[in-house]
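Notes follow the structure.
Read-outs: derived from the displayed coordinates by stated rules, not from any lab. Because the structure is predicted, anything quoted here is derived from the model rather than measured. Methodologically, a virtual Cβ is constructed for each residue, glycine included, from the backbone with ideal geometry; neighbour enumeration extends over all protein chains shown.
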Amino acid sequence: METLVVFYSRSGSTKKIGEEIAKTLNADIDEIIDRKDRSGIKGLFTGPIDILLDKHTKIESKKNPLEYDLVIIGTPVWLGTMTPAIKTYLADNDFNRVAFFCTYGSTPGRTFNEMEKSTRKPEAVLGIVKKEIEKDETKENIKNFSDRVIKESI
């Protein structure tokens with residue numbers, strides 16, 4: 001099974017989890033680049049404003065998700081949902097099968113439901129609290145998620 005792990009990460013937390021999932025599943029990886037500057041204090045405001053205004057953004061990605069049996073899509077949670085970069089990625093692409101993961105400070109909110117509405121029912125979902133990432137307590141959750149993804153593929 002050809003698998004792609006694709007993610008957007010502003011602070012690096014979602015990237016860290018995406019890389020770990022890709023390593024566990026021996027999957028290809030693709031980091032989405034948001035062409036809108038989301039860095040610094042300005043970036044802390046432009047993302048939530050774009051979410052409230054239901055805006056898409058210009059993005060860059062390198063791999064074609066239709067070349068993969070499964071695409072695992074990751075996002076940080078902003079205002080209880082996916083980032084504008086992931087919203088755009090989901091709107092711009094088609095997928096054979098999907099799974100989702102997100103990183104968040106307190107709750108994943110409606111993130112997985114919104115992602116599913118934009119694509120299809122996921123094979124599995126994984127939510128990781130940021131403090132687990134900081135304490136490096138994510139390996140067991142990633143292993144369980146990866147096992148569920150593999151099981152659904154059989």
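Distance between the pseudo-spin-label points of Glu2 and Ile33 (7 Å out from Cα toward the beta carbon): 2.3 nm. Close amide H contacts of Val5 (hydrogens built in the peptide plane, cut-off under 5 Å, sequence separation of 5 or more or a different chain): Asp28, Ile29, Asp30, Ile72. Shown for Ser118, Ser106, Ser146: other C-beta atoms within 10 Å of each C-beta, ranked fewest to most, produce the order Ser106, Ser118, Ser146. By the rule of a C-alpha distance below 20 Å, with chain neighbours fewer than 8 residues away ignored, the aspartates and glutamates paired with Lys131 are Glu19, Glu20, Glu140. A straight Cα-to-Cα reach below 19 Å connects Lys130 with the lysines Lys15, Lys16, Lys139, Lys143, residues fewer than 8 places away in its own chain not being considered. Taking GluC sites (Glu not before Pro) across segment 1-97, the ones in a DSSP loop with at most 15 further Cβ atoms lying within 10 angstrom of their Cβ are Glu2. Counting only Cβ charges, +1 for Lys and Arg and -1 for Asp and Glu, the dipole size of the chain around its Cα centre is about 440 debye.
Relative contact order for segment 3-153: 23 percent, from Cα pairs under 8 Å spaced at least 6 residues apart, divided by residue count.
Computed extension length for Leu66-Lys121: 18.2 nm, one decimal, from 0.36 nm per residue of separation with the Cα-Cα distance subtracted. For segment 83-154, applying the loop criterion from DSSP together with a ceiling of 14 other beta carbons within 10 Å to the chymotrypsin sites (Phe, Trp or Tyr not before Pro) yields no site.
By the count of neighbouring beta-carbon atoms within 10 Å, fewest first, Glu137, Glu114 end up ordered Glu137, Glu114. Note on the chain: antiparallel DSSP beta bridges, both residues inside, total approximately 15 percent of the bridges counted. In this structure, the pairs whose alpha-carbon distance is over 28 Å, taken from Lys62/Lys117; Lys23/Lys151; Lys55/Lys151, are Lys55/Lys151. Across segment 19-108, Cα-Cα pairs farther apart than 18 Å form 47% of the total. Taking amide H as placed 1.01 Å from N in the peptide plane, the amide H of Thr103 sits under 5 Å from that of Thr75, Val77, Ile128, each at least 5 places away or on another chain.
Relative to the first principal axis of the alpha-carbon coordinates of the chain, what is the inclination of helix 139-153, with its axis defined by its Cα atoms, in degrees from 0 to 90 and to the nearest 10? Long axis of 139-153 versus the principal axis of the chain: about 60 degrees. Quick check: Cα centre of segment 136-152 to Cα centre of segment 1-22, how many Å? Value for the Cα centre distance between the two parts: 13 Å.
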